[in-house]
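Take a look at the structure below.
The values are calculated or read from the model by the stated rules, or taken from the named source; none is laboratory data. Please read these numbers as outputs of a predicted model, since none were measured by experiment. Heads up, the Cβs are rebuilt from the backbone with ideal geometry, glycines too, and the neighbour counts pull from every protein chain shown.
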Amino acid sequence: MRKLRIFSVLILAVMILAACAPAGGSDAGDDAGSASAGEIKVGVLVPLSGQVSTFGVSTRDGILLAVNQWNEKGGINGMKIVPIVEDGQCTPDPAVNAANKVIDQDGVHYILGEVCSKAVIPVSEIASAKGVLMITPTGTADVITLNADGTAKPYVYRACFNDSFQGAVGAAFAFDNLGAKKAFLMTDQANDYVKGLSETFKATWLEKGGEVVGEASYTSKDTDFSAIIAQIKDANPDVVYLPDYYNIVNLVMKQAKEAGLNIPFVGGDGWDSSDLDLAAADGGYFTNHYSPDIQSPEVTKFLADYGAAYKDDTGNPKVPDALAALGYDAANMLFTAIQTAGVDDVDKVAEALDNIELVAVSGTITIDEFHNPVKDLTILAVKDGKVNFETVVKP
Amino acid sequence: MQFPLSSSKPGIPGAVKKRAPLAWVGQSFLIILAIIVVAILGTNLVKDPSLFAQYFISGLQLGFVYAMIALGYTMVYGIVKLINFAHGDVFMVGAFVSYYCVARFQLHMWPLNVFPSMSVGLATILGSVSVILISMIVCVVLAVTIEKVAYKPLRDAPRIAALITAIGVSFFLEYFGALSFVYTPRFIPYERPFPVTAWYIQDGIHKVVAGVTPPAGAITFSNIFLIIVVASIIVQIVLQYLVRRTKMGIAMRATSFDKAAARLMGINVDSVISFTFAIGAAFAGLGGVLYAIAYSSIWAQLGILPGLKAFIAAVLGGIGSIPGALVGALIMGQAEAMTMGFISTPMRDAVAFTILILVLLVRPTGIFGEPEQEKA
């Protein structure tokens, strides 16, 4: 018995330690409750653990860079911005809990996040219901900003283009620029993002007169893609459309390379990550929001600021990916709108956001009637261990 | 080895006594199911034999991995009648340890660093083997610790208590692995201790060259496939030897037969149980490393599905039976690969668990399981 007691004390100690560990970055939670006059609280919901945590880290860094820049300039109309970072895990349940926490406990009026469409969708429901204005930097699913009847949700915006646009441009690029005629589609049926891109790709592809020689579905928990690769080899397409996140892309393309498959893969912005396996993804193309190789004063300034603020493992300045750029843009959209509105009032800020025209890192942003930004789309190519800028497609 | 079976077997005692009135419904359902399966496999085999062979190879690879995990389930069940649900997570830990060895500490490079004159091939083999051994040792230490901390205090408690504890341990390992200092964003791609090479069979065996698609109808396989098959067979042989020829094996069999009597005969039952956990964990660790190398991906919940499927394999083969674990695992591997190939990938888990239900309905003792022996 005595042993057991000592043991349980030890376990308790470990649990308390564990509870203390992730305290970094959420000091703002101390003065929870009422928002004091001189500050604007902003909930930042990003995945910081789980399979796609690089998405969250990049997005958070982009957002916090914008927050720091605004605060250095004296805040928005004299009000200091207080970011409250929560881990939404790119999963509906934790994201909803995080959203409820920042709204009910911290009393935020504005949310930046979540990152993945499947987590953004439930968060957007909560935000509209509770009258909190949210901008998702990267949630591309069409339904995020739309009600069931096709009208825009009043307080939900995004800083990226949506799936319809991305899938259609991917198909057009593969058909026109790559000259492909036969396509093979790989879809995770449980992922709204992948499904959305894949459906619009297929529609555009068939419209252009292309042929779909095969379709395969898988789940995000799969690791063995040998069967699908055998099917691809059998169908012998000109292009494989794989609009999934980098973790799946790494696995599929690595196994395809090892099986000797030599067919170009095309994907979406989910490929964009510092953890994309460049050797495996060699020869692939993906549609994206931004490229650090674009020559524009905004990109140059952003690269310099981001590199000065964040270093990689070896101490060199980090190069921001699209998620960092979108996080930065989303934060700037929100802060600019608050500044234009002049007050901390959700309805006035939403109105300012509707009429915004912001020269941002990912292009000049205006907002359409469905709360989607209208801006350029970039196509990138993975070649020889590098991600190269291929071309820009105007909206 | 044939461990005696559990005491709670709901099956068909005395076989043909009196048939249940509606038994023919179930039987004809099973017959129709079997015909459908044979028809699907048959037509596809005739239509495209090389594609079929390709799926068969994927199935073998999966099956031999499952076999390594299933042994742990079956042995632990045979000895303590506990379904050790944390076993799949020990498998995951094996994969993680190898990742840390290779990606963080470059341990697979030590032979070249210590003996620069060594040939690259030998150094790679030595380095990879040492990575695998370290993973196995860590898994052994982990499993023995789990046994001592979580299961031993409950040895005399009802079996359901131990089962729930096993599930708790399993969750602990999964979510511990998901903590940010264990599972950092920079985990993918999994770095392999040795490169994977593939060959294809068509008019002889040729090496696959990167960027050149093998001709249509060629069947490809890789070195990791061969390693998994060989490792799994070696594991089987070692285990058979251990159980049949050594003192510890005799002690294990005695303990599994009757714990109290074994103790009276002077067998240290506690150390036998620890040893069983250790052996199972070592094989799971080996499986984990090879699995991670083969599919080049790790995450904290990696062990759940392979663990559950290996558990199904153990039940299918007859839980408690060592050859049964191998046979069950090979069947599970094929079922999964053929489902992925000829039905669809997301169906694979559904099919796997359907097999579990069917086994429990039709023959709860599994293929190699013997009907209950009455204990005196």
When the stretch A:212-258 is checked residue by residue, the ones that are closer than 18 Å to B:Tyr291 by Cβ, at the interface with another protein chain (Cβ under 7 Å from one of its Cβ atoms) and either part of a loop (DSSP other than H, G, I, E, B) or not basic (Lys, Arg) (or both) are A:Tyr218, A:Thr219, A:Lys221, A:Asp222, A:Thr223, A:Asp224, A:Ser226, A:Ala227, A:Asn247, A:Asn250, A:Leu251, A:Glu258
May I ask you to say which residue of B:Leu51, B:Leu71 is at pLDDT 90 or above, surrounded by 16 or more Cβ atoms within 10 Å (Cβ to Cβ), within 28 Å of B:Leu226 (Cβ to Cβ) and not aromatic (Phe, Trp, Tyr)?
B:Leu71
Give the residues of the stretch A:215-230 that are charged (D, E, K, R) and in contact with an Asp or Glu (Cβ under 9 Å, 6 or more places away or on another chain), sorted by residue number.
A:Lys221, A:Asp222, A:Asp224
Residue within the stretch B:269-276 that is of a type outside the set (S, T, N, Q) and under 17 Å from B:Met136 (Cβ atoms) present
yes
Within the stretch A:342-395, how many residues are of a type in the set (Phe, Trp, Tyr) and in a strand (DSSP E or B)?
1
Residue match in the stretch A:174-185 (condition: free of Cβ contacts under 8 Å to residues at least 40 places away in the same chain and either away from every other protein chain (no Cβ under 13 Å) or within 29 Å of A:Asp329 (Cα to Cα) (or both))
yes
Check on B:Pro153, in contact with a Gly (Cβ under 7 Å, 6 or more places away or on another chain) and either farther than 29 Å from A:Lys254 by Cβ or in contact (Cβ under 8 Å) with a residue 24 or more places away in the chain (or both)
no
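Checking the condition basic (Lys, Arg) and touching a residue at least 24 places away in the same chain (Cβ under 8 Å), which residue from A:Lys73, A:Lys153 passes? Walk me through it before giving the result.
Working: A:Lys73 fails: touching a residue at least 24 places away in the same chain (Cβ under 8 Å).
Only one candidate passes the filter, namely A:Lys153.
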From B:Val102, B:Val97, B:Val196, residue being part of a loop (DSSP other than H, G, I, E, B), touching a residue at least 60 places away in the same chain (Cβ under 8 Å) and over 30 Å from B:Lys259 (Cβ atoms):
B:Val196
Quick check on my filter: what residues within the stretch B:78-104 are under 16 Å from the mean Cα position of the chain (by Cα) and charged (D, E, K, R)?
B:Asp89
If a residue counts only when it is more than 14 Å from chain A (Cβ to nearest Cβ) and either under 30 Å from A:Phe225 (Cβ atoms) or in contact with a strand residue (DSSP E or B) (Cβ under 7 Å, 6 or more places away or on another chain) (or both), which helices (runs of 4 or more DSSP H) contained entirely in the stretch B:258-376 have at least 3 such residues?
B:269-295, B:304-317, B:322-342, B:347-362
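Here is a yes/no grid of residues against (1) under 30 Å from B:Tyr99 (Cα atoms); (2) modelled with pLDDT under 95:
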residue	(1), (2)
B:Asp258	no, yes
B:Arg263	no, yes
B:Ala282	yes, no
B:Ile304	yes, yes
B:Leu308	yes, yes
B:Ser321	no, yes
B:Ala329	yes, no
B:Thr345	yes, yes
From the options A:Lys195, A:Lys202, residue that is within 21 Å of the chain's Cα centre (by Cα) and either modelled with pLDDT of 90 or more or part of a helix (DSSP H, G or I) (or both):
A:Lys195
Candidate set: the stretch A:262-280, residues that are buried (at least 22 other Cβ atoms within 10 Å of the Cβ), of a type in the set (A, V, I, L, M, F, W, C) and within 12 Å of chain B (Cβ to nearest Cβ); chosen: the one farthest from A:Asp163 (Cα to Cα)
A:Ala280
